[in-house]
Amino acid sequence: MSSASYSLHGPVAVITLDNPPVNGLGLALRQAIVAGVDAAASDPAVQAVVLIGNERFFSGGADVREFGTPKAMQEPTLLTVIRTIERSPKPVIAAVSGVCMGGGLELALGCHFRIAHTEATVALPEVKLGLLPGAGGTQRLPRVVGLETALNMIVSGAQVPVTQLKDTALFDEVVTSELLPAALALAHKVVSEGRGLPRVRDRQVNEPNAEAFLQFARNTVGAMSKQFPAPLKCLEAVAASVSKPFDEGQKVEREGFLALMQTPESRALRHVFAAERAASKISDVPADTPTRAIAKVGVIGAGTMGGGIAMNFLNAGIPVVMLETKAEALERGVGTIRKNYENSLKKGKLTQDKLDARMALLQPTLDYADLSDVDLVIEAVFEEMGVKQQVFEKLDSVCKPGAILASNTSTLDLNQIAAFTKRPQDVVGLHFFSPANVMRLLEVVRGEATAKDVLATSMKLAKTIKKQAVVSGVCDGFIGNRMVARYGQAAHDLVVAGALPQQVDKALEKFGFAMGPFRMGDLAGLDIGWAIRKRRNAEAPAEAKPNVADALCEAGRFGQKTGAGWYRYIPGNRVAQPDPVVAETIVAFRAAHGVTPRAISDEEIIERCVYALVNEGARIVEEGIAERASDVDIVYLNGYGFPLHRGGPMLYADQVGIVNVERALKRIAAEPGADVAFWTPAALLSRLAAANETFN
Ligand code: NAD
């Protein structure tokens, strides 16, 4: 099947790229371009060639569907395609509209002339996958847009509007009119004016102070990209465009590309890229499942979560009815939303007009009747089953048929909540993370009865409000909180065994976590966990586990908000200060439980805390709570500050080797006094270890 069409417009051959959805440069398209250029070369009637895409995409670059398949490397590679164009005896003109990205831009740079529509954008985004542009981008772009602009584009991967580059040599013409006629006119012109076959590779990079600039850039880029090798490798490749002849520079680029391809960081970023795409698919909910229209949303509860949740919809231009039981609470909630927008206004991130428009979409109410026409309602009231029951019974009686009834519960049984209504098929969990207007993660909780079109609608809606959705089955804590509970327990047990909170935090922060578990606890508030433990201990006294934090909470230490928790805080300062009182509390706890403290290494801290996550993640996959291991990674990366350069706990386990993880878990489980159920490897993990397979 051809991925491009070839047609003659008088003496100009037009090769139209046609590989939906983004004109990815897959094997068939690469073959078709080469065939087209060859056909034009051997046709005496042809004087020039135009390479054009469609209005939305010139080309989005490599075809991601071929990643990891032999087709990706099969000839003609992109390098060969570009060489073919450069050596064409007839001028080849790239006509760029829409997105021109990665390999697509490298292809255009290989052409003799370039014309763009003014609304087009260009980018070399390879750095975002831990790579560098590997088909000449680092050598050709600086030759046409200058060193500084090229470096900024390549190191950031940012998409740049063509209008910003219109004064550079990147494009011979930038037009507002229809692109194909303009490209044909340019083709006639270059032929009639005898402009020859100029090649970008033959130009020089003009930059008088190149070395000084590059040295400055090395320092800045190095400081900004600590965990990632790609930005500095991009820089070195770009530097070669200044200091070396083209072919030697391209060799530096090639070597950099191949080296980066092997790094765990690039593997992690490519994993995340694929995992995010995979997470939006639910295997038994086909992509063409019809969705319900969501034109108006209700939010119940105007507290911490309700306000943030409402903002997501207001930001997307969707009207929100926000309901509370008391006028004061409602006013407070509306006030907080307004204050958040005003802060954005002060920072220049929002205009007054937009602020007014968003607030105008918000309808505060105390009356359930105002929810009669909403298409979706999200409940974010107190985390108590009795309160949820009242709310869902009420919603069932006032909401129109087909309205989706969602709960933001973190820990309660969604199936039980659904059973409070006569329409459990319309009930779903939409578990946002705090602050809900900022955090990208959304767990879509699938109840036993949740209808497929409700799931499909939830996944689509997540995109509308710019969230990364991951589907979770019903269990205590869903994917993320269930895992973090294990992680917190492992960290706590290390403190009991002999470590201090600050040592545990530091080790995990060095591993790459944004914040260690104890600092995180202080930020979130220790009273939340305390309340949950008290409830669980009452429900299942036999399983009750004493926790050092109970003593801290009993002493009124709830974390940052009370000035003390696992650390102490000077008023107005969020810096966690180690506190001798905490050390004493820990010593007393050990004595009360007959623990003789031992020395604990940073390696042991990382091993226990991270492997506790991996083991629980494996159980979650095994039980079908998550459909795939990569979903677990996406949850943990987006909701809990797992280091991006490690690609999530499950990919980390793959990189360490599942066999090694399993062996360590067995060793810990066999230690005297160990919590055997906690540390026994999940069946899935053992199965993979035995088969020498990976999660991903
Ligand atoms: P919150 O206490 O800040 O807000 C709850 C709000 O609900 C209050 O304003 C209260 O007046 C209102 N409310 C109580 N009963 C009501 C009723 N019957 N009808 C209407 N309004 C009522 O609590 P929150 O932190 O926003 O949590 C709300 C829900 O979100 C809980 O289920 C919680 O588990 C979940 N959640 C919280 C977080 C978090 O980090 N805070 C994260 C994810 C999910």
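Taking the criterion of being more than 11 Å from the ligand (Cβ to nearest atom), within 29 Å of the chain's Cα centre (by Cα) and part of a helix (DSSP H, G or I), the residues of region 317-340 that qualify are I337, R338, K339, N340.
Of the residues that sit in region 633-685 and are in a loop (DSSP other than H, G, I, E, B) and aliphatic (A, V, I, L, M), which one is least open to solvent (accessible area, probe 1.4 Å)? Restricting to residues being in a loop (DSSP other than H, G, I, E, B) and aliphatic (A, V, I, L, M), the top hit is A682.
Taken together, L314, L345, L269, L258 contain a single residue that is open to solvent by less than 10 Å² (accessible area, probe 1.4 Å), away from the ligand (no atom under 16 Å from the Cβ) and assigned to a helix (DSSP H, G or I), which is L314. Condition first: in contact (Cβ under 8 Å) with a residue 40 or more places away in the chain and surrounded by fewer than 17 Cβ atoms within 10 Å (Cβ to Cβ). Now tell me which residues in region 222-242 satisfy that. Result: Q227, single match. Say whether the condition of being under 26 Å from T450 (Cα atoms), part of a loop (DSSP other than H, G, I, E, B) and away from the ligand (no atom under 16 Å from the Cβ) is met by at least one residue in region 358-371. Looking through region 358-371, none of the residues is under 26 Å from T450 (Cα atoms), part of a loop (DSSP other than H, G, I, E, B) and away from the ligand (no atom under 16 Å from the Cβ).
Restricting region 198-221 to residues that are within 17 Å of L124 (Cβ to Cβ) and of a type outside the set (V, I, T) leaves a set whose member that is surrounded by the fewest Cβ atoms within 10 Å (Cβ to Cβ) is R201. When E207, E211, E173, E236 are screened for being more than 34 Å from the chain's Cα centre (by Cα) and modelled with pLDDT of 95 or more, only E173 passes.
Being open to solvent by 60 Å² or more (accessible area, probe 1.4 Å), away from the ligand (no atom under 16 Å from the Cβ), among the charged types (D, E, K, R) and in contact (Cβ under 8 Å) with a residue 60 or more places away in the chain narrows it down to one of D375, D288, D284, D353, so name that one.
D284
Considering (1) touching a helix residue (DSSP H, G or I) at 6+ places or on another chain (Cβ under 8 Å); (2) more than 28 Å from R535 (Cα to Cα); (3) open to solvent by 50 Å² or more (accessible area, probe 1.4 Å), the lone condition that M359 does not fulfil carries the number (3). When the residues of region 394-415 are filtered to those that are touching a strand residue (DSSP E or B) at 6+ places or on another chain (Cβ under 7 Å) and either modelled with pLDDT under 95 or part of a strand (DSSP E or B) (or both), the one that is surrounded by the most Cβ atoms within 10 Å (Cβ to Cβ) is A406.
Table: residues versus (1) out of contact with any strand residue (DSSP E or B) (no Cβ under 7 Å at 6 or more places or on another chain); (2) open to solvent by less than 10 Å² (accessible area, probe 1.4 Å); (3) of a type in the set (V, I, T).
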{"site": "L107", "(1), (2), (3)": "no, yes, no"}
{"site": "G110", "(1), (2), (3)": "yes, yes, no"}
{"site": "T121", "(1), (2), (3)": "no, no, yes"}
{"site": "P133", "(1), (2), (3)": "yes, yes, no"}
{"site": "A158", "(1), (2), (3)": "no, no, no"}
{"site": "P161", "(1), (2), (3)": "no, no, no"}
{"site": "D167", "(1), (2), (3)": "yes, no, no"}
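Only residues that are open to solvent by less than 60 Å² (accessible area, probe 1.4 Å) and either among the polar types (S, T, N, Q) or within 13 Å of S458 (Cβ to Cβ) (or both) were counted in region 292-304, giving 3.
Count of region 489-532 residues, restricted to those that are outside any helix (DSSP H, G or I) and either among the polar types (S, T, N, Q) or open to solvent by 40 Å² or more (accessible area, probe 1.4 Å) (or both), is 3.
Which of the residues belonging to region 416-436 are more than 14 Å from the ligand (Cβ to nearest atom) and open to solvent by 40 Å² or more (accessible area, probe 1.4 Å)?
A419, K422, P424, Q425
Candidates L132, L141: the one that is in a loop (DSSP other than H, G, I, E, B) and at pLDDT 95 or above is L132.
Take region 437-473 and flag every residue that is within 15 Å of the ligand (Cβ to nearest atom) and in a loop (DSSP other than H, G, I, E, B). Residues satisfying the conditions are N437, V438, M439, R440, K467.
The values are calculated or read from the model by the stated rules, or taken from the named source; none is laboratory data. This structure is a prediction, so every number in the text was calculated from the model and none was measured. For neighbour counting, all protein chains shown are included, and Cβ atoms are generated from backbone atoms with ideal geometry for every residue, glycine included. Surface areas here come from the heavy atoms of the whole protein model, side chains and all, with no ligands, DNA or RNA. Shrake-Rupley method; radii C 1.70, N 1.55, O 1.52, S 1.80 Å.
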